[in-house]
Each structure stands twice: as structure tokens, then as C-alpha cells.
Amino acid sequence: MALLPDPAPRERQHILISVDDHVIEPPHLFEGRLPKKLADRAPRIVENDDGGQVWQYEGRTYPNIGLNAVIGRPKAEWSMEPARFDEMRRGCWDVDARIADMNLAGIWASLNFPSLIAGFSGTVFWRSDDPELGLAVLRAWNDWHLEEWAGAYPDRFIPLQLPWLADPQLAAEEIRRNAERGFKAVSFPELPAQCGLPSLHTGVWDPFFAACEETQTVICLHTGSAQWAPIPAPDTPFETLTTLFPVNALVATADWLWSGVPVRFPKLNITLDEGGLGWAAMLADRADYVLAHSASGREGTWTSDLLPSEVLRRNFWLCSIDDPSAFGALDAIGADRILIESDYPHADSTWPDTQQVVARNVARLSPQDAARITHLNAAELFRHPLPTQDWLTCSTS
């Protein structure tokens, strides 16, 4: 399968910080990172009968699904079939090549989620048959991400950790330890009960949320992180599922609001990665209406003096790949709570035209609002450095 030639560097109209990209874990990730007694049981890449390369862990296989790494491939060759590393654009899994691809698209900084061997929030490792092995593998992933991926270019990557979902108290301890090491964010299941975990309503996760609030660790809820989707029928086509990605964010935000988590932890910051924008105003209106009607008089349902819409605006951050209509109704959302994403190297990605897409969406906004959305919000939220202004004028640095 042929890769397309490198695209020409795009004009840099804005400083861009993408809060949702992905790394395809390289084959060597776990080498030398586990205790000696567990090293031979670490996830590893094997060749399958069809000549493909897949991860193998505890007797199960986890393919690098083609649509998760289609950047740089002709659209006629996009598929769900497992992909080999030599069929991927090198920036999918090589950090130096990733920086080159970020430069081509004019993306200053990036937050990177994992792929299927880990699950977007470490659910594969939490479900390990051997919990000791699972915890060691999860820590190895975090160590690799901090030291070899984000650590290779600390000004260009926002370090994202995976949580240990088997034990909320240990997960809280890991948040504090990892914050001291430089992690700024954690990927968490958007709907933990759908993973077989205690729900948000139990209070079980409060030690974890307290640690996130204390350390300013941003909780990132990526669409699909709980392996849940609104499937209308058994024969619903794949296109319906991808069209409905923002529904995950709507459902998750409603559940988080009514769980009281952001009320109990008012300084908690929660991003809705790959969730889009357009649903947020509707949810805010509806939640306020419910509070005044069907929730009225129910003791303990809502314990804040703020309206649900106000808590949404305070604690949640909306993420946009490309939502042109929603940018035309910004008053209902607010420029101070919007982040942008390129979703490299997935099929939904705007790469290499992320600059063009974002510029079109913010074209009618004030320079101040455009700057907030393209980079200032993310820089403040994740406490991440910005480039010097001359970075905008250089297409290859």
C-alpha cells in the first residue's frame, strides 16, 4: 500500500493547540519498562496469518485498526482492516516524524490519547487477568509517554496519563505521583458504569476526583472511552455511529452534571474530547428547565446555588474538530470554554489542513475570541507554554 507524498507546509494563520490527537504505540514501547518477573508477559507485536501486525496481550489480540491510522493514505485504501507499521505514515508512531507532521500542519502543541492496546482510558490494562501485570503495564505506558513521547519535545506535547481503574484510592495516589512528574491530564471513561465500573453517582471515585482537583490534573473524557455508543438498531451502518459521536458527549455531560461531581469539586476541569459543540446550548437549557420542573422538590438532586448551565460553563470544556454552524451561535456556548482538535491520525482528522479549517471557523470572531479558542484556552487549562510570535511566520521550524 502506497503512502501519499508529503503535503506542502500550510500557512500558519493561528497558533494551534490540539487537545485530541492519538499515538499509535510503537512496537518497542514496553521493552525494558516492566519488572523482570513480568517482562516476558508484556504486550508485544506479532505477525498474524494474513501478514498483518497486531498486539498480543494475555492471549488476546488488539489490532491497529486501519481507520485509526489513515493519515497519509489514499482514501480509496481506507478500511477497518488491521494495519502494519510500514503501511502507516511514520508520524503515527515515531515522535520525530510526528513533530514534522505537526509542523507541516502548523500545530504548535498536541495532547495524545492512546490506541487500542491500552483503550482510550486504560480499560484494557484494568481488565487484565493478572492485576499485578495490568498495573505494571499501565505504569510502563505512562512512563513511556512521559519520558520518550512527550518528554522528547516538552514544549510540543501535553503529557496525558492513564488511570488505574481497578482501585480509585490507588488511582488517586498515582494522580498525585504523576502530577509531580509533570503529567497535566488524565484520560477517564466518559461513562464508567458502561465499563463495569462503579458509577459517578456512588461517590466511589471521589478520592480520585479530589486528587485531580488538588493537582490541577484535567480529566479528559474522549468519545468512545467507555466502549458505549447510541446504537439505534443491530444493522445500523458504521456511518450512523460516527455521525452520533457528539451524542456520547451530551449523555456523559448530563450524567456528570446530575451526579454532583462538579458541584462537590468546583475546581475540577473536564474536557469532552471529540464531542463537538452544537449540543451544549440545548443541554444547558434543558438541564435548567428540568431543575425548575421535574427535579423540583426532590431533596438532594441538586445541591448547588448555581444552575446546571452555570456549572457546565464553569467545569466543562468543549472540543471541536470542525463545527462551522456552532461557531455561528457562540453566544450560547462561550469562547472561553472551547478548544480545538485535529484528531491525527484518525479518519476524522483535519490534518494537514487544520489551520485552514480552524481559520474558517473563527473567521467572524473577534481576534480575542479567536485567540482564546485556537490556543489561549488550552495553554491556560493545561499550563502549557506558547511559542514566540515568529513561530507563526516559519513553516518548517
With Cα springs under 10 Å, the Gaussian network model of the chain assigns the largest mean-square fluctuation among L365, L381, L277 to L365
Dividing the helical contributions, -39500 (n - 2.57) per DSSP H run of n ≥ 4, by the residues of the chain yields a 222 nm value, nearest 500 deg cm²/dmol, of -8500 deg cm²/dmol
So the pair-distance distribution of the stretch 1-125, from every Cα-Cα distance in 10 Å bins, comes to percents of 12, 39, 33, 14, 3, 0
In whole angstrom, the spacing between the Cα centers of the stretch 215-238 and the stretch 306-344 equals 18
Largest first and rounded to whole Å, the semi-axes √(5λ) derived from the alpha carbon gyration tensor of the stretch 105-150 read 25, 12, 5
The stretch 259-309, Kirkwood Rh and Cα Rg, ratio Rg/Rh at 0.99
One computes Rg over Rh for the stretch 8-49 from alpha-carbon atoms, with the Kirkwood Rh, and obtains 1.26
For the stretch 276-397, the percent of accessible surface on carbon and sulfur atoms (probe 1.4 angstrom, ligands and nucleic acids excluded) is 50
Ranking L34, L29 from most to least accessible area with a 1.4 Å probe gives L34, L29
In terms of the charge dipole of the chain, which places +1 on Lys and Arg and -1 on Asp and Glu at the beta carbon, the residue among N361, C195, L386 farthest towards the positive end is L386
For the chain, dividing by residue count, accessible area per residue (probe 1.4 Å) in Å² works out to 42
Here the averaged projected area of the chain, based on the convex hull of its alpha-carbon atoms and given in nm², is 19.9
In whole angstrom, largest first, the equivalent ellipsoid semi-axes that the Cα gyration tensor gives for the stretch 191-334 are 24, 19, 17
Taking the dipole of the chain about the Cα centre (Lys, Arg +1; Asp, Glu -1; charges at Cβ), the one of P63, F208, V23 that reaches farthest to the positive side is F208
Eigenvalues of the alpha-carbon gyration tensor of the stretch 158-218, times 5 and square-rooted, give semi-axes in Å, largest first, of 19, 12, 9
About its Cα centre, the stretch 326-397 carries a charge dipole, from +1 on Lys and Arg Cβ atoms and -1 on Asp and Glu Cβ atoms, whose size in debye to the nearest 20 is 120
In a Gaussian network model of the chain with springs linking alpha carbons closer than 10 Å, the residue among S309, S320, S121 that fluctuates most is S309
In Å³ per residue, the alpha-carbon convex hull of the stretch 117-259 encloses 131
Listed residues D129, D101, D50; largest mean-square fluctuation, Gaussian network over the chain with Cα springs below 10 Å, found at D50
Mean shadow area (nm²) of the C-alpha convex hull around the stretch 223-277 is 4.4
Dividing the surface of the Cα convex hull of the stretch 11-75 by four yields a projected area in nm² of 7.6
Ranking L277, A249, A292 by how far each Cα lies towards the positive end of the charge dipole of the stretch 236-296 (+1 on Lys and Arg Cβ, -1 on Asp and Glu Cβ), the top one is A292
Against the 2.2 N^0.38 Å rule of thumb, the C-alpha Rg of the stretch 281-334 sits at a ratio of 1.34
To the nearest 20 debye, the chain has a Cα-centred charge dipole, built from +1 on Lys and Arg Cβ and -1 on Asp and Glu Cβ, of 580
Of every hundred units of 1.4 Å-probe accessible area on the stretch 166-231, the number belonging to carbon and sulfur atoms, as a percent, is 50
Convex hull around the C-alpha positions of the stretch 282-397: the volume in Å³ per residue is 151
Computed on Cα atoms, Rg of the stretch 126-195 relative to 2.2 N^0.38 Å comes out at 1.13
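The values are calculated or read from the model by the stated rules, or taken from the named source; none is laboratory data. The structure presented is a predicted model; accordingly, all values stated were derived computationally and were not measured. Methodologically, a virtual Cβ is constructed for each residue, glycine included, from the backbone with ideal geometry; neighbour enumeration extends over all protein chains shown. The protein model used for the area step is the full one, side chains on, heavy atoms only, and it has no ligands, DNA or RNA in it. Shrake-Rupley method; radii C 1.70, N 1.55, O 1.52, S 1.80 Å.
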